[in-house]
Each structure stands twice: as structure tokens, then as C-alpha cells.
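Taking it in order: structure first as C-alpha cells, then the write-up.
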Amino acid sequence: MTHRDAGITSAVVNAATQVGSSVGTAVLNSLAVSATAACLVEYPLTASGRQAALVHGYATAIAVAAGLLAAMGAAMLVMIRTTEEKS
């Protein structure tokens, strides 16, 4: 790999990280807002009801994020190959 290729690869990795983080944050935020709105129907419109709905929305988004993290970890364990050096 040349120095030029290494620089291009680094730029692509950095850009993918930025875009992935932005899209992931937007999706999890949308999920949290949707879960909060759905939960507001069940709780009374008091301060404690709104807080409970907000906590439910955040907990839902965190649970989904944890599930995705576990799934990606399992996928990486399957995909990464290790080879032993032959002497």
C-alpha cells in the first residue's frame, strides 16, 4: 500500500465514521421520540406522566442501541478470521 492509498483510506474511514454516527444518532433520536409519543397516550398529562414517558422513550432507544451493538459484535466474531503462521 502506498502512502497515497493510505491517506485516501484514512479519509474514507473518517468520513464513514462521521456519517455513520450522524445517521445512528438521528435514527435513535427518532425512535426515542416515537416511543415517548406513544407512551404519552397511556400516561396522564402531568409532570410525572411526562417524565415517565420520556424515560420510556430513552430506555427504548438505549435497548435498541444495545441490541444493535450486541448483534454487530457477534457478526464481527464470525467475520474476523485469524490464521496461524506456519513455521
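The values are calculated or read from the model by the stated rules, or taken from the named source; none is laboratory data. Fair warning: this is a prediction, and the values are worked out from it, not measured in the lab. Here Cβ is always computed from backbone atoms with ideal geometry, including for glycine, and neighbour counts include all displayed protein chains.
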*May I ask you to list the residues in the range 1-51 that are charged (D, E, K, R) and within 21 Å of ALA63 (Cβ to Cβ)?*
GLU42, ARG50
*asked:* Of everything in the range 56-87, what is of a type outside the set (Phe, Trp, Tyr), closer than 19 Å to THR25 by Cβ and surrounded by 12 or more Cβ atoms within 10 Å (Cβ to Cβ)? Give them in sequence order.
replied: GLY57, ALA59, THR60, ALA61, ILE62, ALA63, VAL64, ALA65, LEU68
*For VAL33: the one exception among (1) loosely packed, with under 10 Cβ neighbours inside 10 Å; (2) part of a helix (DSSP H, G or I)*: (1)
*Just wondering, is there one or more residues in the range 41-50 that are surrounded by 13 or more Cβ atoms within 10 Å (Cβ to Cβ) and modelled with pLDDT of 95 or more?*
no
